[in-house]
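Scroll down for the structure; my scribbles are underneath it.
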Amino acid sequence: FHYICPLIISSIKSKLEKGIPVRNMEFNGSEQDFVRQLFLLTSKPVIYVANVSEDDISSDSIPLVEELKKHVKREDTEVLVVCAGLEEEIAQLDDSERTAFLQELGIQESGLDKLIRSSYSLLGLISYLTAGPQEVRAWTIEKGTKAPQAAGKIHTDFERGFIRAEVVAYDDLVEAGSNAAAREKGLIRLEGKDYVVQDGDVILFRFNV
């Protein structure tokens, strides 16, 4: 394999000079492993963000943004539209004011929220929540992570002594109004070691070490 490494590098160089990013190049399994070790900048996934004026933010079609979408179409990636000036204003508002402000503009969510959500999706990440009297906290994990490994994000003892997870979906918990109400309605499930954590799960881990 070491004999073909220079050939792979030469091929990459040639395609880069033609404007083709590494993420759009095709490699077989062993070649992909080699290329991954090179940590090349254009092998990284990307999201394009178009900064537009306040007047254009609610527009369905912006000529320059459409041109950008055409340009990056072959990369099979996403183009997000934001207005940096509005984002600065939104960041200074409290939750109720922010919601009213976005509704007035005809926007469902802020550009920052869209960027975070798209970045998580691009990187294959999700979040689950833990909630207690003192704090509510989100934990970032890779999509497909099972309950014991998700528990290990909090503390290694949680994974080592994992017994079960008490799980309720975020939307169900909000609708129920409290953990006790969710339990009464049968919305809280007991899950074992093979449970794959879902985005937005609110989890209480039971463990013993």
Q.
If E166 meets every condition in (1) in contact (Cβ under 8 Å) with a residue 12 or more places away in the chain; (2) charged (D, E, K, R); (3) within 30 Å of V46 (Cβ to Cβ) apart from one, which number is that one?
A. (3)
Q) Which condition breaks for K114 when tested against (1) over 21 Å from the mean Cα position of the chain (by Cα); (2) farther than 22 Å from R23 by Cα? A) (1)
Q) Does region 96-117 hold any residues that are surrounded by fewer than 15 Cβ atoms within 10 Å (Cβ to Cβ), of a type outside the set (D, E, K, R) and not in a helix (DSSP H, G or I), and which are they? A) G106, Q108
Q) Looking at E75, E89, which one is in contact (Cβ under 8 Å) with a residue 12 or more places away in the chain and either open to solvent by 40 Å² or more (accessible area, probe 1.4 Å) or of a type in the set (A, V, I, L, M) (or both)? A) E89
Q) Only one of (1) farther than 27 Å from V196 by Cα; (2) among the small types (G, A, S); (3) under 21 Å from the mean Cα position of the chain (by Cα) fails for S119. Which number is that? A) (1)
(Q) Quick check on G186: is it within 30 Å of S43 (Cα to Cα) and either in a loop (DSSP other than H, G, I, E, B) or touching a Cys at 6+ places or on another chain (Cβ under 6 Å) (or both)? (A) no
**Q.** Out of L123, L115, sole residue that is closer than 30 Å to V167 by Cβ and touching a Pro at 6+ places or on another chain (Cβ under 9 Å)
**A.** L123
Q.
Conditions first: (1) open to solvent by less than 30 Å² (accessible area, probe 1.4 Å); (2) outside any strand (DSSP E or B). A165 passes all but one, so which condition is the exception?
A. (2)
Q. Just checking, how many residues over region 188-209 are open to solvent by 50 Å² or more (accessible area, probe 1.4 Å), closer than 19 Å to V136 by Cα and of a type in the set (A, V, I, L, M)?
A. 1
Q) Does T140 count as in a strand (DSSP E or B) and open to solvent by less than 50 Å² (accessible area, probe 1.4 Å)? A) no
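When you look at V81, is it surrounded by 15 or more Cβ atoms within 10 Å (Cβ to Cβ) and either touching a residue at least 40 places away in the same chain (Cβ under 8 Å) or in a loop (DSSP other than H, G, I, E, B) (or both), yes or no? Working first, answer last.
Numbers: surrounded by 15 or more Cβ atoms within 10 Å (Cβ to Cβ): yes; either touching a residue at least 40 places away in the same chain (Cβ under 8 Å) or in a loop (DSSP other than H, G, I, E, B) (or both): no.
Considered against the rule, which asks whether it is surrounded by 15 or more Cβ atoms within 10 Å (Cβ to Cβ) and either touching a residue at least 40 places away in the same chain (Cβ under 8 Å) or in a loop (DSSP other than H, G, I, E, B) (or both), V81 comes out as no.
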(Q) Let me spell it out: the conditions are (1) within 30 Å of V52 (Cβ to Cβ); (2) surrounded by fewer than 12 Cβ atoms within 10 Å (Cβ to Cβ); (3) of a type in the set (A, V, I, L, M), and A180 meets all of them except one. Which number is the exception? (A) (1)
Q) Restricting region 1-38 to residues that are modelled with pLDDT under 90 and in contact with a Phe, Trp or Tyr (Cβ under 7 Å, 6 or more places away or on another chain), which is surrounded by the fewest Cβ atoms within 10 Å (Cβ to Cβ)? A) S30
Q: Among the residues of region 63-76, write down those that are at pLDDT below 90 and either over 22 Å from R23 (Cα atoms) or part of a loop (DSSP other than H, G, I, E, B) (or both).
A: D76
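Within region 130-138, does at least one residue satisfy the condition of being of a type in the set (K, R) and closer than 24 Å to P45 by Cα?
Of region 130-138, the ones of a type in the set (K, R) are 137.
Now narrow it down to the ones that are closer than 24 Å to P45 by Cα: none.
Checking region 130-138: not a single residue is of a type in the set (K, R) and closer than 24 Å to P45 by Cα.
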Q. What pairs come up if the first residue lies in region 16-39 and is more than 17 Å from H71 (Cβ to Cβ), the second is part of a helix (DSSP H, G or I) and open to solvent by 50 Å² or more (accessible area, probe 1.4 Å), and their beta carbons are under 7 Å apart, counting only those six or more places apart or on different chains?
A. M25/K15
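The values are calculated or read from the model by the stated rules, or taken from the named source; none is laboratory data. Remember, it's a predicted structure, so these values are computed and weren't measured experimentally. Don't worry about glycine lacking a Cβ; one is built from the backbone with ideal geometry, like all the others, and counts go over all protein chains shown. Ligands, DNA and RNA are excluded from the accessible area calculation, which covers all protein heavy atoms including side chains. Shrake-Rupley method; radii C 1.70, N 1.55, O 1.52, S 1.80 Å.
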